[in-house]
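J.: Here's a structure for you.
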Amino acid sequence: MADMNDPLPGAGVSFWTMAAAAVGSLLTLRTLVDSNPFVRLAAVVSSWSLALFATPAAAEWLGASHKQERLLALMIAFLGMNVLAGFATFVEKWRVDPQAAFSWLWSLWRGGRSP
C-alpha cells in the first residue's frame, strides 16, 4: 500500500499537497464575491494549478520536508488566488470605467491613499 506522502503517479506531488493547494484556493474564494461563477471557477482552477506546479520546485529549492511542502502549497495557492482576485477586480473595474480602475490600482500601490 502506498504512503499518502508518496507522489501520485504522473502528478509529482502527494495527495496531501494537492489537498492543501485546494484548501488554499478555496480559502480566498471570498475575495471574488462580485464576480460571475465562470471567473470564480477559473481563478480557483488556475490558483490550484499554480500551486501544484510551483510547489515541487519551491520545495526542492528550499529543501522542505513533506509537512513544509504542504504549508508551501497552501501559501502559494493562497497568494496566487489573491493576485488573481485583484486582477479580476481590476478587469471588471476597467470594463466600467478605465480611469477609475487605474485610480483604484494607484490607491492600492500607495497603501489605500487616494491621489
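The values are calculated or read from the model by the stated rules, or taken from the named source; none is laboratory data. The structure displayed is predicted, hence computed values, not measured ones. In this analysis, Cβ positions are derived from the backbone assuming ideal geometry, glycine residues included, and neighbour counts consider all displayed protein chains. These area figures cover heavy atoms from the full protein model, side chains too; ligands, DNA and RNA do not enter into them. Shrake-Rupley method; radii C 1.70, N 1.55, O 1.52, S 1.80 Å.
J.: Hey, could you check region 20-40 for residues that are more than 16 Å from Leu79 (Cα to Cα) and either without any contact (Cβ under 8 Å) to a residue 12 or more places away in the chain or outside any helix (DSSP H, G or I) (or both) and say which is most open to solvent (accessible area, probe 1.4 Å)?
T.: In the first step, residues of region 20-40 are kept if they are more than 16 Å from Leu79 (Cα to Cα); the result is 33-39.
Next cut, either without any contact (Cβ under 8 Å) to a residue 12 or more places away in the chain or outside any helix (DSSP H, G or I) (or both) only: 33-38.
Numbers: Val33: 93, Asp34: 135, Ser35: 17, Asn36: 77, Pro37: 104, Phe38: 151 Å².
The extreme case among them is Phe38.
J.: Then there is this: Is it the case, given these coordinates, that Leu62 is on the phi < 0 side of the Ramachandran plot, at pLDDT 80 or above, under 18 Å from the mean Cα position of the chain (by Cα) and open to solvent by 60 Å² or more (accessible area, probe 1.4 Å)?
T.: Working: on the phi < 0 side of the Ramachandran plot: yes; at pLDDT 80 or above: yes; under 18 Å from the mean Cα position of the chain (by Cα): no; open to solvent by 60 Å² or more (accessible area, probe 1.4 Å): yes.
No.
J.: Residues of region 70-115 being of a type in the set (A, V, I, L, M, F, W, C), open to solvent by less than 100 Å² (accessible area, probe 1.4 Å) and free of Cβ contacts under 8 Å to residues at least 12 places away in the same chain, which ones?
T.: Across region 70-115, the qualifying residues are Val91, Ala100, Ala101.
J.: Let me ask another. Which of the residues spanning region 56-83 are more than 12 Å from Trp16 (Cα to Cα), in a helix (DSSP H, G or I) and among the polar types (S, T, N, Q)? Give the derivation first.
T.: Step one: of region 56-83, the residues more than 12 Å from Trp16 (Cα to Cα) are 56-65, 75-83.
Right, trim to in a helix (DSSP H, G or I) and you get 56-62, 75-83.
Asn82, the sole residue that qualifies.
J.: Restricted to region 41-57, and to residues that are of a type outside the set (S, T, N, Q) and buried (at least 16 other Cβ atoms within 10 Å of the Cβ), which residue is farthest from Lys93 (Cα to Cα)?
T.: Step one: list which residues in region 41-57 are of a type outside the set (S, T, N, Q), which gives 41-45, 48, 50-54, 56-57.
From what's left, buried (at least 16 other Cβ atoms within 10 Å of the Cβ): 43-44, 48, 50-52, 54, 56.
Details: Ala43: 17, Val44: 20, Trp48: 25, Leu50: 25, Ala51: 27, Leu52: 30, Ala54: 29, Pro56: 35 Å.
The selected residue is Pro56.
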